[in-house]
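Derivation of every value follows stated rules applied to the coordinates shown; laboratory data play no part. This is a predicted model, so every value here is computed, not measured. Neighbour counts run over all protein chains shown; Cβ positions are idealised from the backbone, glycine included.
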Amino acid sequence: MKNNQKQEKDWGKMAENFDKISEYVVGKEIYQIICKKLSKEKNLGEAIEFGCGTGYFTKAIAMNAEYIIAADVSEEMLDAAKRQLKEYKNIKFEIADCKAATFPDKEFDTVLMVNLLHVIKEPHKALEESYRILKDGGLLITIDLTGYGMKKFEMLKLVFRFLRKMGRPPKADKGNLSPTYLETLAENAGFEVEENKLLGDKDKIKALYFKGIKR
Ligand SMILES: C[S@@+](CC[C@H](N)C(=O)[O-])C[C@H]1O[C@@H](n2cnc3c(N)ncnc32)[C@H](O)[C@@H]1O
């Protein structure tokens with residue numbers, strides 16, 4: 001990887017235990033809620049997931065896409081994903097940067113990003129790049145855990161668990177990503193909003209589930 005693509009936080013260092021650590025930090029319940037909703041997305045066609053990590057959420061869409069490119073900037077994460085997803089014959093693995101991918105224009109029916117936009121600098125670039133590589137009418141799904149609207153005490157406990165297991169968050173971390181902020185970013189990139197909602201318990205950590213269409 002070139003210096004100018006240096007990772008903002010080396011998530012790869014956690015690849016071996018990433019799923020366990022994440023479930024400890026945010027709780028299994030919200031992950032189950034996300035997987036349940038994501039697995040209901042049908043006819044995803046030719047799909048790419050940026051920031052696939054260990055492939056935890058890739059599994060949820062695997063049966064509903066013709067093929068998926070599971071992409072990440074971290075080789076360690078991709079290796080973990082390859083191990084976890086080895087029985088899925090329609091998943092290919094690639095090192096790719098969501099802000100500067102080398103895929104041609106209008107290549108995919110679906111772009112998925114889970115817990116990526118809120119951890120990277122310049123998330124608008126990832127949305128613009130997604131727009132470029134989507135076919136007309138293509139679907140963008142972004143899902144981000146957020147402390148938006150969370151009870152202060154719950155937030156403090158979560159921050160403590162995060163620091164304990166994951167260390168300092170990336171500088172660009174937007175832990176309180178709001179539906180309005182995301183909607184504006186996506187609209188500025190050209191997307192028409194199809195769905196934009198918070199999933200999960202009202203006082204606890206939530207997931208911002210966003211769907212946009214390339215018109
Ligand atoms: C917070 S983790 C989320 C992993 C997975 N999506 C999940 O929710 O379990 C962020 C992931 O995005 C990857 N990543 C960070 N910057 C990226 C970029 N610019 N392009 C693609 N992947 C990136 C990291 O290596 C890491 O695997």
Would you work out the relative contact order for region 46-157, in percent, from Cα pairs under 8 angstrom that are 6 or more residues apart?
26
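Net charge within 9 Å of Leu44 by Cβ-Cβ distance, Lys/Arg positive one each and Asp/Glu negative one each, not counting Leu44 itself? Mind showing how you got there, number by number?
Values: positive: Lys42; negative: Glu41, Glu46, Glu66, Asp109.
Counting the neighbours of Leu44, the net charge comes to -3.
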Would you mind checking the pairs Lys20/Lys106; Lys86/Lys204; Lys13/Lys82; Lys9/Lys165; Lys82/Lys206; Lys37/Lys171 and listing those with alpha carbons more than 26 angstrom apart?
Lys20/Lys106; Lys86/Lys204; Lys82/Lys206; Lys37/Lys171
Fewest first, what order do Cys98, Cys35 take by the number of other Cβ atoms within 10 Å?
Cys35, Cys98
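Shape of region 129-197 from its Cα gyration tensor (a ≥ b ≥ c, root eigenvalues): rounded if a/c is under 1.5, otherwise prolate when a/b > b/c, or oblate?
prolate
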Relative contact order as a percentage, the chain, C-alpha pairs under 8 Å and 6+ apart, gives 20
Cα gyration tensor of the chain diagonalised, 5x eigenvalues square-rooted, in angstrom largest first, produces semi-axes 24, 20, 17
